[in-house]
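The values are calculated or read from the model by the stated rules, or taken from the named source; none is laboratory data. Just so we're clear, the structure is a prediction, and the values are computed from it rather than from any experiment. Every residue, glycine among them, receives a Cβ derived from its backbone with ideal geometry; neighbour counts consider all protein chains shown.
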2 protein chains.
Amino acid sequence: MTTELPGTSRPGGRTERTRVAVLRATLDLLAEVGFSDLTVEAVAERSGVHKTTVYRRWESREGLVAAALRFGAGEPWSPADTGSLVADLRRMALDVVLALTTPGQRELPTAAVLAAFQSERAAEALRDFYQDRHARAALIVERAAARGEVPADTDPDEVTRTVCGPVFYRLFVSREPVSEETAEIAAEAGAAAARAGVLSRRLPGNGDGG
Amino acid sequence: MTTELPGTSRPGGRTERTRVAVLRATLDLLAEVGFSDLTVEAVAERSGVHKTTVYRRWESREGLVAAALRFGAGEPWSPADTGSLVADLRRMALDVVLALTTPGQRELPTAAVLAAFQSERAAEALRDFYQDRHARAALIVERAAARGEVPADTDPDEVTRTVCGPVFYRLFVSREPVSEETAEIAAEAGAAAARAGVLSRRLPGNGDGG
């Protein structure tokens, strides 16, 4: 079940070039046609790599898509540092709005969310991606706590979920438009909840007594 | 493009029984196999209705699924009235958590969210469903405003999005588990944001200057 090829990660080597070509082609096709209609054959054709090579290395369409999502997740992102919690959150929410609405950019994250419904391995790749994003976003709350804007035990992941949740909810659940105002409202809601102390870290099992 | 058959809505009549059989079969199959693998032939077989009848009335798989989602949305839902904003919101969030996690129940709403990625008509049906739910949920905020718990101009839809967003975000985006604690935190965040006055109705265009 490994997707690593032993001893072949020499950067710039032929194997590495092949890997990059295949994964880029997979991301392109995922954005264009989605997981349902993506085939290993089409990836082979698009990348110019023989399909037996693709199968030997990634085993299946599922393995290929999961590897491509991990590869595509590699671009750097770090939260803005404006000096204010609500402004940092607004920038983060706006980054999400733009990533999910800008033609030419929105296709891949949308296809990734969709693929996760259809493939457990794609879902794992998506989970890892958002764990990484949550870890990076945590800086926003850590800095706000250091400034005394929010309680020291504020859970950064809960703030991120409170801010990003409504943006994704509008786009993928209630199917409503999103805008700069959506980002603004979500950021203010997350900041207000954090300031009120309701997004503090909870002890395991706490809150389950409902 | 109509999905209505003129002059045939006599309740209990043969046409109505056929309609119900076909739409129930469509919902069952959607939950079982999803939109990608749903066929009009399978719906015809499952419902015992000839496929030419299905095509004549619903025209396509897309029309059939959209009609089934509207039919399936018909079950009544109304928010709990506990006398407190946060407790009402907690019950609503918990209803969402249970609907999306209980085996035997979660399959249809999950398939509906997925189908909306794959079919514009399914997306329209989903949008109408959530507009209806938002309208019903508005009672929670209206009662809280009448009690003086939140500002009178609080936007009930924004409160609903703030509460439900993180639940869906965990399940369908960051692919994290949800629990009673998820519902609790989301409800408290929505209530805190509403109380702080950041979920008030905005004038059109307001907030876009951010």
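Taking the range B:62-81 as the search range and keeping residues that are touching a residue at least 12 places away in the same chain (Cβ under 8 Å) and assigned to a loop (DSSP other than H, G, I, E, B), which one is nearest to the chain's Cα centre (by Cα)? Before the answer, list the steps.
Restricting attention to the range B:62-81, the residues satisfying the condition of being touching a residue at least 12 places away in the same chain (Cβ under 8 Å) are B:62-73, B:77-81.
Within this subset, residues satisfying the condition of being assigned to a loop (DSSP other than H, G, I, E, B) are B:73, B:77-81.
Numbers: B:A73: 7, B:W77: 10, B:S78: 13, B:P79: 14, B:A80: 17, B:D81: 20 Å.
Filtering first and then ranking leaves B:A73.
Of the residues making up the range A:128-146, at least one is more than 20 Å from the chain's Cα centre (by Cα), over 29 Å from B:P109 (Cβ atoms), outside the structural domain of A:L30 (by TED's automatic domain parsing) and basic (K, R).
For the range B:32-51, the candidate set comprises residues that are of a type in the set (G, A, S) and within 13 Å of another protein chain (Cβ to nearest Cβ); within that set, the residue that is surrounded by the fewest Cβ atoms within 10 Å (Cβ to Cβ) is B:S36. Of the residues making up the range A:173-184, those that are in contact with a Leu (Cβ under 8 Å, 6 or more places away or on another chain) and more than 11 Å from A:L89 (Cβ to Cβ) are A:V173, A:S174, A:R175, A:V178, A:E180. Among the criteria (1) of a type in the set (G, A, S); (2) in contact with a Ser or Thr (Cβ under 9 Å, 6 or more places away or on another chain); (3) modelled with pLDDT under 95, the one B:A145 does not fulfil is (3).
Restricting the range A:54-70 to residues that are surrounded by 15 or more Cβ atoms within 10 Å (Cβ to Cβ) and not aliphatic (A, V, I, L, M), which is nearest to B:L114 (Cα to Cα)? Lay out the reasoning, then the answer.
The first filter runs over the range A:54-70 and keeps only residues surrounded by 15 or more Cβ atoms within 10 Å (Cβ to Cβ), leaving A:54-55, A:57-59, A:61-70.
With the extra rule that they be not aliphatic (A, V, I, L, M), the set shrinks to A:55, A:57-59, A:61-63, A:70.
Details: A:Y55: 28, A:R57: 30, A:W58: 26, A:E59: 26, A:R61: 20, A:E62: 18, A:G63: 21, A:R70: 22 Å.
The selected residue is A:E62.
On the given criteria, is A:L114 more than 9 Å from chain B (Cβ to nearest Cβ) and either closer than 26 Å to B:Y130 by Cβ or at pLDDT 95 or above (or both)? I'd like the intermediate steps shown before the answer.
Values: more than 9 Å from chain B (Cβ to nearest Cβ): no; either closer than 26 Å to B:Y130 by Cβ or at pLDDT 95 or above (or both): yes.
No; evaluated as a whole, the condition is false for this residue.
Residue count for the range B:44-61, restricted to those that are aliphatic (A, V, I, L, M) and part of a loop (DSSP other than H, G, I, E, B): 1.
Looking at A:A189, A:A196, which one is farther than 30 Å from A:E59 by Cα, buried (at least 21 other Cβ atoms within 10 Å of the Cβ) and either aromatic (F, W, Y) or touching an Asp or Glu at 6+ places or on another chain (Cβ under 9 Å) (or both)? Explain how you work it out, then say what you get.
Details: A:A196 fails: buried (at least 21 other Cβ atoms within 10 Å of the Cβ).
After ruling out the rest, the residue left standing is A:A189.
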